[in-house]
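Data first, discussion second: the structure below is written as structure tokens.
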Amino acid sequence: MSNIYKAFENKKAFIPFFTCGDPDLETTEAAVRQAVKNGAALIELGIPFSDPTAEGPVIQGANLRALSGGVTTDKVFDTVRRLRKDVTVPFVFMTYSNVVFSYGAEKFLSLCADTGIDGIILADLPFEEKEEFQSCCDKYGVDLISLIAPTSENRIAMIAKQAQGFIYVVSSLGVTGVRSEIRTDLKSIIDVIRQNTTVPCAIGFGISTPEQARDMAQIADGVIVGSAIIKLIEQHGKASPEYVGKYVKQMVEAVNEA
């Protein structure tokens, strides 16, 4: 059984997202540790990329800050090694196909296995083209995590049947970012997922408040938050881990109330 399942065992999972190296890698490490200390069940680590097509302006800004600070994929792997000395919750990379392709899929995924990365999300990888990476992921025991969006429609069952780790349910059309209201009929999407797999599903995109997190956790197994955390980091810089910890604590409590 995948290590990722542990994040969802007997509880709803709160999953924070961090762009590695924003504002620097030391702050990323400290923020991750604060998130875990305050109840985060799984951590999503973004590998900075120069053209993050699925991201809104907040996470795009984080990518640019990290890249201008000299963050590379190798340095991100070094960060994971340091975190793994004391952090045991599952880690998932969120990045783009070109990052893995240009690094070399075999080399990238073998390093994922060596450093303790449990899964990867490739935001721009169409389901129909996932075999390009799937065999390599299987070889190294890294879950290739599928996304299901409101536009997936009649493909939801097909994607769910082949899912690994957890399913990332995209709450809204468009790019990442805080939304005041989520209007998608997510319950019907999750009903179809549950009819086709026992793999847990977590909702992301647009969630920022405890109320939203509680609502989403009532229909899903977990809640993912990125932009709201990146905003805190942008606002507080090197002092942000303390603020991230307090925010995560609030969100974990809200998710557990669902």
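The values are calculated or read from the model by the stated rules, or taken from the named source; none is laboratory data. All of these numbers come straight from a predicted model, not from anything done at the bench. Glycine also receives a Cβ, built like all others from the backbone with ideal geometry; neighbour counts cover every protein chain displayed.
Mind counting the residues in region 187-218 that are outside any helix (DSSP H, G or I) and over 20 Å from Asn154 (Cα atoms)?
First, the residues of region 187-218 that are outside any helix (DSSP H, G or I): 197-209.
If we keep only those that are over 20 Å from Asn154 (Cα atoms) too, we end up with 204-209.
Selection size over region 187-218: 6.
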Cβ-Cβ below 9 Å, separation at least six or inter-chain, first residue in region 1-29 and in a helix (DSSP H, G or I), second modelled with pLDDT of 95 or more and of a type in the set (Lys, Arg): which pairs?
Leu25/Lys75; Leu25/Arg82; Glu26/Lys238; Thr27/Lys238; Glu29/Arg82
Pick from region 114-170 the residues that are in a strand (DSSP E or B) and in contact with a Pro (Cβ under 8 Å, 6 or more places away or on another chain): which of them is nearest to Ile43 (Cα to Cα)?
Gly119
Pair list, Cβ < 7 Å and 6+ apart or interchain, from region 92-111 residues that are among the β-branched types (Val, Ile, Thr) to residues that are part of a helix (DSSP H, G or I):
Val99/Thr73; Val100/Phe108; Val100/Phe133
Is there a residue being in contact with a Ser or Thr (Cβ under 6 Å, 6 or more places away or on another chain), within 20 Å of Cys20 (Cα to Cα) and among the small types (Gly, Ala, Ser) anywhere in region 120-131?
no
Residue, surrounded by the fewest Cβ atoms within 10 Å (Cβ to Cβ), within region 229-258, restricted to residues that are out of contact with any strand residue (DSSP E or B) (no Cβ under 9 Å at 6 or more places or on another chain) and either among the hydrophobic types (A, V, I, L, M, F, W, C) or not in a helix (DSSP H, G or I) (or both):
Ala239
Restricting attention to region 85-100, does a residue exist that is more than 25 Å from Ser146 (Cβ to Cβ), among the charged types (D, E, K, R) and surrounded by fewer than 17 Cβ atoms within 10 Å (Cβ to Cβ)?
yes
